Amino acid sequence: MNLKKMLLSAVAAAVVATPLLAMPAAAQNEQFMPLLVYRTGPYAPSGIPLANGFVDYFELLNARDGGINGVKITWEECETNYNNDRGVECYERLKKQGPTGATAFNPYATGITYALIERATADKIPVFSMGYGRADATIGSVFPYVFTAPATYWAGADAIVQHIQKQEKGSLKGKKIALVYHDSAYGKEPIATLEALAKQEGYQLNLFPVAHPGLEQKATWLQIGRQLRPDWVIMWGWGVMNSTAIKEASAVGFPMNKFVGIWWSGSEADVRPAGAAAKGYMSASFTGVGAGAKVHSDIRDMVFAKGKGMGKDTFGEALYNRGIVNAAIMIEAVRTAQGKFGNKPLTGEQVQWGFENLNLTQEVIDKLGLTGLMSPIKLSCNDHEGGGSIVIQQWDGKQWNFISDFIKPRREMLTKMYEASAMQYAKEKGITPRDCSKM
Amino acid sequence: MFFSWPFFFEVLIGGLLAGVMYSLVALGFVLIFKASGVFNFAQGGMVLFAALTLVGLIELGVPAALAILLAMAAMVVLAYVVEKAVLRPLVNQPPIILFMATIGITFFIDGFGQTLWGSDVHTLDLGIPNTPLFFGDILVNSFDLVAAAVAGILVTVLAIFFQKTRIGRALRAVADDHQAAMSVGIPLRVIWVIVWSVAGLVALVAGIMWGSKLGVQFSLALIALKALPVLILGGFTSIPGAIIGGLMIGAGEKLAEVFIGPFLAGAIEDWFAYMLAMVVLLFRPQGLFGEKIIERV
């Protein structure tokens with residue numbers, strides 16, 4: 001047999017053998033978690049710690065608890081590069097993997113979330129857009145497979161305004177607030193809420209869009225810092241836009257303690273490049289800071305100590321912790337669903353039930369070792385946000401520190417806005433909302 | 001929003017200084033296009049690679065001055081590899097083939113740089129101040145003044161190199177006519193290595209300045225997008241064109257953003273720069289300072 005024939009035979013044998021080898025694995029007692037990540041490209045500095053948080057938490061649960069009630073967690077990463085079409089490709093590639101298909105998808109991009117909503121709903125797989133995506137998807141009667149816990153952008157905008165109001169001794173009447181935002185669907189999300197609050201609280205809102213990617217913002221900041229001179233600036237930025245904005249704000253002398261970003265403008269990657277200029281800058285967050293929780297020591301002892309895990313370099317960073325919390329909420333939705341369907345691998349449809357019946361009390365959070373990393377949430381058929389709280393953190397030049405208590409967004413007003421928008425969506429798409437009173 | 005002349009001049013000066021930063025990137029494109037007729041799509045990637053190498057070495061504990069020298073050496077090695085592995089096999093191919101090859105180089109450099117040094121944001125702090133300075137009522141940022149000084153020094157050094165040195169004269173000869181230059185004994189391949197090396201060094205300077213401003217991260221590769229309208233406006237073959245084009249684009253886009261932007265919902269500066277360049281293109285296809293192409297049939 002010549003070399004060419006030998007190689008062809010080997011390839012043919014491998015092609016035949018691969019599915020056979022894969023069969024025993026597929027038959028195992030495993031819950032498959034698809035991970036849409038961006039470890040490369042312009043948004044990699046944010047994508048890496050997020051993905052690391054997920055992986056390390058899954059590793060911990062397998063090592064410490066043997067998975068979820070004995071069901072081993074498996075996962076596969078798919079690189080989206082923060083790109084919508086790649087995100088859809090990843091979804092299609094991963095949705096049927098594992099013995100029962102994908103548990104739930106965390107798109108980690110508002111654009112990908114929008115692209116997946118209808119597909120995932122048709123496939124009966126939950127989309128968990130934690131702190132991004134469509135705010136009105138909170139209304140579970142219209143969006144049964146989309147979850148927004150613990151807070152939407154609209155809730156984030158309200159919490160930031162509440163914080164500012166508190167700093168201004170309770171009144172925003174006559175104050176000027178500028179919104180600097182990424183000129184995209186994501187960046188425009190808070191505008192309606194901030195406008196509604198402007199009417200209610202009596203402040204003047206000025207809008208400053210920044211074109212993607214936001215490498216150059218001198219004109220924007222000259223307008224803000226030298227012409228408008230607002231009392232406060234709120235930022236809805238992403239990637240390099242954030243650090244550039246902080247530097248430009250500093251260059252025109254705008255004080256950092258009057259500058260608050262949303263949670264995607266509040267990671268280490270956003271402030272470190274700005275150096276000393278970032279000291280005093282604030283951001284909203286719904287996840288804790290630092291590496292002092294019990295889950296961190298467990299990861300150190302049971303994952304890193306065994307040479308496993310991926311997040312040693314990003315350990316305890318804001319986005320690493322967010323990855324942990326995201327993974328934990330997803331796992332607890334599975335655990336909740338196991339209570340009804342049994343301790344076995346579950347389908348996306350079953351996990352959807354788990355999400356809708358998820359009740360993470362402070363006691364449960366403490367038991368999970370997540371104390372200080374998140375606030376309690378309780379989801380239901382119609383409320384997919386779960387009533388999470390938001391905190392304001394401040395960069396001291398080295399690390400983030402909480403400077404406020406957990407703030408409860410004013411959900412009475414927000415729910416009306418969610419419902420109006422969701423019903424409009426239902427009308428446009430011809431969706432008949434579920435009757436949650438019968439669930 | 002109000003209008004005042006001091007504010008107008010503040011925006012104008014800020015725009016001119018921002019334009020200098022664009023020129024730093026545009027210069028690298030011009031050097032390679034001038035000497036080889038190749039539009040080097042990889043220039044943005046080279047800026048990223050140079051800055052990543054520099055900051056990576058500094059993070060490994062190498063003193064800043066030595067790290068700069070080592071990063072310069074890395075750019076020379078990169079130039080050599082590009083010439084040997086990509087340009088040499090493609091000699092005498094149409095320009096579009098060489099252009100496509102530089103797209104391939106871009107992806108390779110972006111990926112290789114990140115594999116080597118990681119995809120995280122790296123802070124590059126060389127002590128350049130970033131504080132507002134006031135000249136009367138007009139605010140100017142100290143970082144921008146340093147950047148303008150660096151660009152000025154760089155252009156002076158490049159002008160001396162091109163005008164006063166033997167290699168510089170050989171480069172100009174190659175730029176004027178490849179075949180005539182070869183017929184008098186100028187080695188084209190060596191010249192290509194030299195010109196890619198010089199473009200690499202310019203990329204390092206641009207990488208240092210932009211990296212100090214934004215942090216060293218993948219987005220640095222995207223600054224090539226800011227240099228394109230500068231090249232269209234200034235001409236692909238003119239170093240003064242790159243500088244003046246940068247100043248015009250910088251000032252034009254900032255004034256447009258501040259004084260026209262509010263009437264068009266804002267965020268117009270990026271497309272306005274391209275529109276400005278396009279208008280120039282309509283009247284001077286070779287750019288304001290580019291060489292007029294005359295072909296006889």
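The values are calculated or read from the model by the stated rules, or taken from the named source; none is laboratory data. The structure presented is a predicted model; accordingly, all values stated were derived computationally and were not measured. With ideal geometry, Cβ positions are generated from the backbone for all residues, glycine too; neighbour counts draw on all protein chains shown.
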Within the range A:248-264, can you find the residues that are within 20 Å of B:H122 (Cα to Cα) and either surrounded by fewer than 24 Cβ atoms within 10 Å (Cβ to Cβ) or more than 10 Å from chain B (Cβ to nearest Cβ) (or both)?
A:W264
Subset of the range A:86-117 (residues that are closer than 21 Å to A:I329 by Cβ and touching a Cys at 6+ places or on another chain (Cβ under 8 Å))
A:C90, A:L94
Criterion violated by A:W263 - all others in (1) closer than 21 Å to A:N401 by Cα; (2) out of contact with any Pro (no Cβ under 6 Å at 6 or more places or on another chain); (3) aromatic (F, W, Y); (4) not assigned by TED's automatic domain parsing to the domain that holds A:A192 satisfied
(4)
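Can you confirm whether B:G215 is of a type outside the set (A, V, I, L, M, F, W, C) and within 14 Å of another protein chain (Cβ to nearest Cβ)?
Numbers: of a type outside the set (A, V, I, L, M, F, W, C): yes; within 14 Å of another protein chain (Cβ to nearest Cβ): yes.
Yes; evaluated as a whole, the condition is true for this residue.
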Selection from the range B:1-28 of residues that are at the interface with another protein chain (Cβ under 9 Å from one of its Cβ atoms) and within 29 Å of B:L222 (Cβ to Cβ):
B:E10, B:V11, B:G14, B:G15, B:L17, B:A18, B:M21, B:Y22
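Only helices (runs of 4 or more DSSP H) wholly contained in the range B:210-297 count here; list those with 2 or more residues that are at pLDDT 90 or above and touching a Phe, Trp or Tyr at 6+ places or on another chain (Cβ under 7 Å).
Details: elements: B:224-234, B:239-259, B:269-283.
Helices (runs of 4 or more DSSP H) meeting the threshold: B:224-234, B:239-259.
Hey, any hits in the range B:194-209 for a residue that's of a type outside the set (K, R), farther than 17 Å from B:V76 by Cα, assigned to a helix (DSSP H, G or I) and touching a residue at least 12 places away in the same chain (Cβ under 8 Å)?
Within the range B:194-209, one or more residues are of a type outside the set (K, R), farther than 17 Å from B:V76 by Cα, assigned to a helix (DSSP H, G or I) and touching a residue at least 12 places away in the same chain (Cβ under 8 Å).
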Of all residues making up the range B:181-212, the number that are closer than 24 Å to B:L98 by Cβ and at the interface with another protein chain (Cβ under 9 Å from one of its Cβ atoms)
0
For residues that are farther than 19 Å from A:K199 by Cβ and acidic (D, E), tally how many sit in the range A:133-172.
1
Please give the helices (runs of 4 or more DSSP H) falling wholly within the range A:173-245 in which 2 or more residues are more than 14 Å from every other protein chain (Cβ to nearest Cβ) and either in contact with a strand residue (DSSP E or B) (Cβ under 8 Å, 6 or more places away or on another chain) or surrounded by 24 or more Cβ atoms within 10 Å (Cβ to Cβ) (or both).
A:191-201
Select from the range A:39-69 the residues that are more than 9 Å from every other protein chain (Cβ to nearest Cβ) and part of a loop (DSSP other than H, G, I, E, B) and list them in ascending order.
A:G66, A:G67, A:N69
Counting residues that are of a type in the set (D, E, K, R) and surrounded by 14 or more Cβ atoms within 10 Å (Cβ to Cβ), which helices (runs of 4 or more DSSP H) fully inside the range A:333-439 reach at least 1?
A:348-356, A:411-429
Which residue pairs have Cβ atoms under 8 Å apart, sit 6 or more places apart or on different chains, and have a first residue in the range A:121-132 that is among the charged types (D, E, K, R) and a second that is buried (at least 24 other Cβ atoms within 10 Å of the Cβ)?
A:K124/A:Y145; A:K124/A:Q352
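Mind listing whichever residues of the range B:163-179 are aliphatic (A, V, I, L, M) and either touching a strand residue (DSSP E or B) at 6+ places or on another chain (Cβ under 6 Å) or closer than 17 Å to B:F236 by Cβ (or both)? I'd like the intermediate steps shown before the answer.
Kept after step one, since they are aliphatic (A, V, I, L, M), are these residues of the range B:163-179: B:167, B:170-171, B:173-175.
Matches in the range B:163-179: B:L171, B:V174, B:A175.
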Where residues in the range A:111-131 are polar (S, T, N, Q) and crowded, with 22+ Cβ neighbours inside 10 Å, which of them is nearest to the chain's Cα centre (by Cα)?
A:S129
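Looking at the structure I just gave you, is A:G87 part of a helix (DSSP H, G or I) and either buried (at least 23 other Cβ atoms within 10 Å of the Cβ) or in contact with a helix residue (DSSP H, G or I) (Cβ under 9 Å, 6 or more places away or on another chain) (or both)?
Numbers: part of a helix (DSSP H, G or I): yes; either buried (at least 23 other Cβ atoms within 10 Å of the Cβ) or in contact with a helix residue (DSSP H, G or I) (Cβ under 9 Å, 6 or more places away or on another chain) (or both): yes.
It is true that A:G87 is part of a helix (DSSP H, G or I) and either buried (at least 23 other Cβ atoms within 10 Å of the Cβ) or in contact with a helix residue (DSSP H, G or I) (Cβ under 9 Å, 6 or more places away or on another chain) (or both).
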In the range A:389-410, how many are touching a helix residue (DSSP H, G or I) at 6+ places or on another chain (Cβ under 7 Å) and of a type outside the set (G, A, S)?
7
Give just the number: which of (1) more than 14 Å from chain A (Cβ to nearest Cβ); (2) within 18 Å of the chain's Cα centre (by Cα) does B:D176 not satisfy?
(2)
Name the single residue that is farthest from the other protein chains (Cβ to nearest Cβ) among those in the range A:267-295 being surrounded by fewer than 22 Cβ atoms within 10 Å (Cβ to Cβ) and of a type outside the set (A, V, I, L, M).
A:K294
Being in contact with a helix residue (DSSP H, G or I) (Cβ under 7 Å, 6 or more places away or on another chain) and either assigned to a helix (DSSP H, G or I) or among the charged types (D, E, K, R) (or both) is the filter here; which residues of the range A:280-305 pass it?
A:V295, A:D298, A:I299, A:M302
